Every structure is written in C-alpha cells, then in structure tokens.
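Here is the structure we will look at.
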Amino acid sequence: MTAPRIRPADEADRPDIEAIVREAYRGYIARMGKPPGPMLDDYAARIAARTAWVIEEDGGVAGLIVLLEKPDHLLLDNVAIAPERQGSGLGRRLLAFAESEARRRGHREIRLYTHETMTENQRLYRALGYEETGRGTEAGFARVFMRKSLAGD
C-alpha cells in the first residue's frame, strides 16, 4: 500500500474525477430534488485552469478537491472521495491540503459552501473548525456558507 499523494489534476484524470463526483454525489439527488452543483461542473475547465487536485492512493485516483482563488480568501469549491474509500481519512487530508494551500498563498481564511440538506457535511466542517456565516440561494441551490480563520493556527 502506497501513501496517499496529492497532486494537480491532469486531463488523464478527468474520467476518474467525473466518476468519483458522480458516485459521491449521486445519493444527494433525491434529497435535493436535482443533481448537486459538483455533478454539473466542467472538470476539463477546472483541470485546464489548474484549480483541481487529486489524491492518489495505491496508484489510482481516490478523490479530488477544487480550490478557487478569491481576493481575500481561498474558496473550497468541491471535495469528493470515491465512496469505497470514504471514511479512510482521505477527505481530511484534502481539507488539510486546502488550508495549507490557502496559507501558502497568503490567505488568512478559507471558505466553502454546502447544500443545506447535506447536514453530515456541515457537521464534519464544524468539527474541523469551520463556522457558519450565512445561508442563501446561489446558482439555484440552497447553500450554507462557512469559513475557517487560519490566522491563529
């Protein structure tokens, strides 16, 4: 078993990324009444813009994260782990990577949003030090907005 490795995604990873997103988010369609935003994303564009990273384990892509540069923070736009690898700590590794990347870029804050029906995600983010900053509809989705200050870390 090889140690997990995070690296920028490349075009060869796109089929794996799309499959992971499809499987990881499929269960939310019934809850939300429509496909979640990450299922609609253009991963070819994310890869070309160098905003997507993958985590590899045992020679295969096990998950991904999309990070978007904003003027005063880094936005964690999406994180997904292959369902058969969920619960193994890979998601937490990607979240730690996001925080490290935010610091490396000089940001003191990382932000994210999740759908209001994704309550298990909200619990995880709170456990990792994120706080809710508001709720609202954006891009047709009922979102919960969260942030984590990196200043005191």
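Each value in this text was obtained by applying a stated rule to the coordinates, not by laboratory testing. Quantities reported herein were computed from a predicted structural model and do not represent experimental measurements. A quick note on method: Cβ atoms are made from the backbone with ideal geometry, for glycine too, and the neighbour counts reach across all protein chains shown.
Name the long-range amide H neighbours of Arg143: under 5 Å, sequence gap of 5 or more, or other chain; modelled H, no Pro or chain starts.
Counting only residues 5 or more places away or on other chains, the set is Glu116, Gly136, Thr137, Glu138.
Alpha carbon centre of the stretch 19-47 versus the stretch 109-137: separation in Å?
Using only Cα atoms to place each centre, the spacing works out to 18 Å.
Efficiency by 1/(1 + (r/R0)^6): what FRET value for Ala30 and Gln86, r their Cβ-Cβ distance, R0 = 22 Å, to the nearest 0.05?
The computed FRET efficiency comes out at 0.75.
Plugging the Kirkwood radius over Cα pairs into Stokes-Einstein for the chain, at a temperature of 20 °C and a viscosity of 1.002 mPa s, what D comes out in µm²/s?
It diffuses with D of about 136 µm²/s by this estimate.
I'd like the FRET efficiency for Arg22 and Thr133, computed as 1/(1 + (r/R0)^6) with the beta carbon distance as r and R0 of 41 Å, rounded to 0.05.
For Arg22 and Thr133, the calculated efficiency is 0.90.
Quick one: Karplus J couplings for the stretch 119-132, per residue in order, coefficients 6.51, -1.76, 1.60, θ = phi - 60°, nearest Hz, x for Gly and Pro?
Karplus-based 3J(HN,Hα) across the stretch 119-132 equals 5, 5, 5, 4, 4, 4, 4, 4, 5, 8, x, 7, 10, 6 Hz.
Can you tell me the FRET efficiency between Ser100 and Leu68 if r is taken as the Cβ-Cβ distance and R0 is 22 Å, rounded to the nearest 0.05?
So the FRET efficiency works out to roughly 0.85.
Could you list which residues have their amide H under 5 Å from that of Gly63, counting only those 5 or more apart in sequence or on another chain, with H placed in the peptide plane?
Residues meeting the criterion, in which the H sits 1.01 Å from N, are Ile55, Ala82.
Can you list the residues, at least 5 places off or on another chain, whose amide H is less than 5 Å from the amide H of Ala9, using H built in the peptide plane?
Those lying under 5 Å, H to H, from Ala9 are Ala52, Trp53, Val54.
Which whole-Hz couplings ³J(HN,Hα) result when phi for each residue of the stretch 28-39 is put into the Karplus expression 6.51 cos²θ - 1.76 cosθ + 1.60, θ = phi - 60°, listed in order with x for Gly and Pro?
Result, ordered by residue: 8, 4, 5, 5, 8, x, 6, x, x, x, x, 6 Hz.
³J(HN,Hα) across the stretch 90-105 via Karplus (A = 6.51, B = -1.76, C = 1.60, θ = phi - 60°), whole Hz, x for Gly/Pro?
Rounded to whole hertz, the list is 5, x, 5, 4, 5, 5, 5, 4, 4, 5, 4, 5, 4, 4, 4, 8.
Working only with C-alpha atoms, what are the Rg and Dmax values of the stretch 46-129, expressed in angstrom?
Gyration radius and largest Cα-Cα distance of the stretch 46-129: 12.9, 36 Å.
Given the Cα-Cα distance of Ala49 and Ala151 and 0.36 nm per residue of separation, how much length would full extension add, in nm?
34.0 nm
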